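Novice: Would you mind keeping the following structure in view while I ask a few things?
Quick note: the coordinates plus some simple rules give every number you see, no bench work behind them. Remember, it's a predicted structure, so these values are computed and weren't measured experimentally. Note: ideal-geometry Cβ built from the backbone for every residue, glycine included; neighbour counts use all protein chains shown.
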Amino acid sequence: MSDKVAETSLFDRDTVYVSEATSRADVFKAVADDLYKKGHVTEDFLKNLNEREDKYPTGIDLSVVSPEYPNVAIPHTEAEFVKERKVVPIKLKNPISFNNMIDPSQKLEVSFLFMILNNDPEGQSNVLAQIMDFINKTPRNQLLTFFKSTSEDAIYSFLQSKF
């Protein structure tokens, strides 16, 4: 495990969220406001996060991996609006509609977000690949339990040990 020390810094306990929001705008605003207050993103982060999601949707249909998995989204924006490199996990208590990354005309009900903060423009696809590896390599029963969790501590602990 010692070789994974650098990777675990992708998650911070104070940037794990469980959201009651019922719209993409509301969850993005709540999380972005908190991230800004904590100094992780710039003032323009929220505006650019919404614009990028409108142009380049990030919803991912996980039924192709397992029909039991909820859909996820991996929202992010350009490096200039972010002050560091991390993944912000957000459990949605109410599924929210996102457009599909592969087929933007298709809407997906999403229950979990892996928001990428990346101040390195070259590293975006690397973090995306790590998230997909995590989903593909984590044992199904463990991942199902993870996706159902509504405890920020449990989400953080699971990601620290499995990601």
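Novice: Over segment 107-163, what portion of Cα pair distances is larger than 16 Å, expressed as a whole percent?
Specialist: 51 percent
Novice: Moving on. How much of the DSSP bridge set in the chain is antiparallel, in percent, rounded to the nearest 5?
Specialist: Of those bridges, close to 60 percent are antiparallel.
Novice: Would you pull out the residues with amide H under 5 Å of F112's amide H, same chain only if 5 or more places away, H placed 1.01 Å from N?
Specialist: Those lying under 5 Å, H to H, from F112 are A73, L92.
Novice: While we're here: Just want to confirm a number: the relative contact order over segment 2-162, from Cα pairs under 8 angstrom separated by 6+ residues, in percent.
Specialist: 26 percent
Novice: Can you give the extra length, in nm with one decimal, that the chain gains between E51 and E122 once fully stretched, where that is 0.36 nm per residue apart less the Cα-Cα distance?
Specialist: Going from the current span to full extension adds 23.5 nm.
Novice: A further question follows. Grab the DSSP H runs of the chain that are 4 residues or longer, score each as -39,500 (n - 2.57), total them, divide by all residues and round the 222 nm result to the nearest 500 deg cm²/dmol.
Specialist: -11500 deg cm²/dmol
Novice: Sticking with this structure for a sec: Once phi is turned into θ = phi - 60°, what whole-Hz ³J(HN,Hα) does the Karplus curve with 6.51, -1.76 and 1.60 give for every residue of segment 50-64, x standing for Gly and Pro?
Specialist: Karplus-based 3J(HN,Hα) across segment 50-64 equals 5, 4, 5, 5, 5, 7, 10, x, 10, x, 10, 7, 7, 4, 6 Hz.
Novice: Kindly identify segment 2-162 as rounded, prolate or oblate by the Cα gyration tensor criterion: order the square roots of the eigenvalues as a ≥ b ≥ c, call it rounded if a/c is under 1.5, otherwise compare a/b with b/c, prolate if a/b is larger, else oblate.
Specialist: Because its axes are fairly even, with a/c under 1.5, segment 2-162 counts as rounded.
Novice: Obtain the nm distance between the two label points defined at D12 and V65 by a simple spin-label model: each point lies 7 Å from its Cα along the Cα-to-C-beta direction.
Specialist: 2.5 nm
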